[in-house]
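Structure first, commentary second.
The values are calculated or read from the model by the stated rules, or taken from the named source; none is laboratory data. All of these numbers come straight from a predicted model, not from anything done at the bench. Every residue, glycine among them, receives a Cβ derived from its backbone with ideal geometry; neighbour counts consider all protein chains shown.
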Ligand SMILES: C[S@@+](CC[C@H](N)C(=O)[O-])C[C@H]1O[C@@H](n2cnc3c(N)ncnc32)[C@H](O)[C@@H]1O
């Protein structure tokens, strides 16, 4: 082929990116295993949570060295590694794909965090993550919905952060966002629905508190002698907050924490004339 047409052909090939067929997809793996966006997982393929969102998720959950963070579908281990490295927590990543889990283990080793981070090869619907104080995830709306009953059975106060996807009608306690990602944060509420006998300051006899609950939203009726008043409140983990109207028309604010067995409430009432301790037990 004459030189001129050959040069034109090579130039065209370079412009079209054909001369050097480099793979455009980024390798998030290492020399042993190439990991790209979309790598097959069991219930969801692999994609990474951006570093800024990883940090914001762990900050929002207020992770400390006292925490045990479990990442459900851990991928290359970036969330458990960050939880241990930047927040001092112990962390566990559960990952179904053996080769992705092996990469995560190598990443943990390279970070020098083998003593604080464990990568478990397993299925998030089989492995026990009930010891977690913080659960993180980047899954799908369907998987979040499937996990929801398990998460709601966790210890009240357990913090949950999901990159990208919500939990349907379980409203988040906070929404978070970085420049290119969003996330959702929940605190597992205690189960306080039911019939309570409550001792309130300024009331001679125990009052009756009947509560309904939808996740962290609480509503019900407080019966003070002959009079019943509506209460609307909110749970932050095991701690219930509600206001009620006293017979004189003023508002009192109750903050009471459910005990671990869920049978008692212990807290305080704020009110100018009737402040003091609140005690409740299930009727
Ligand atoms: C979207 S990636 C998120 C990875 C990592 N958590 C992050 O935020 O960067 C989801 C991961 O879940 C894994 N996975 C999918 N189904 C799973 C299951 N049933 N049990 C455990 N891991 C699973 C996939 O292999 C993939 O690595």
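Brief remarks follow.
- Any hit, region 126-134, residues being touching a residue at least 40 places away in the same chain (Cβ under 8 Å) and either at positive phi or not in a loop (DSSP other than H, G, I, E, B) (or both): yes
- Take the conditions (1) part of a loop (DSSP other than H, G, I, E, B); (2) buried (at least 22 other Cβ atoms within 10 Å of the Cβ); (3) free of Cβ contacts under 8 Å to residues at least 60 places away in the same chain; residue 172 misses just one of them, which is (2).
- Residues in region 145-168 that are within 13 Å of the ligand (Cβ to nearest atom) and more than 12 Å from the chain's Cα centre (by Cα) were compared, and the one that is farthest from residue 91 (Cα to Cα) is 146.
- Some residue of region 137-144 being within 13 Å of the ligand (Cβ to nearest atom), exposed (fewer than 14 other Cβ atoms within 10 Å of the Cβ) and modelled with pLDDT of 95 or more: yes
- For region 95-106, the criterion of being free of Cβ contacts under 8 Å to residues at least 24 places away in the same chain, closer than 18 Å to residue 51 by Cβ and surrounded by fewer than 19 Cβ atoms within 10 Å (Cβ to Cβ) is met by no residue.
- Where residue 151 falls short, out of the listed (1) touching a strand residue (DSSP E or B) at 6+ places or on another chain (Cβ under 7 Å); (2) surrounded by 14 or more Cβ atoms within 10 Å (Cβ to Cβ); (3) in a loop (DSSP other than H, G, I, E, B): (3)
- Put simply, of 62, 109 the only residue that is within 17 Å of the chain's Cα centre (by Cα), more than 12 Å from the ligand (Cβ to nearest atom) and either under 13 Å from residue 161 (Cβ atoms) or at pLDDT 95 or above (or both) is 62.
- Residue satisfying all of: in region 118-133; within 13 Å of the ligand (Cβ to nearest atom) and in contact with a helix residue (DSSP H, G or I) (Cβ under 9 Å, 6 or more places away or on another chain); nearest to residue 159 (Cα to Cα) among these: 129
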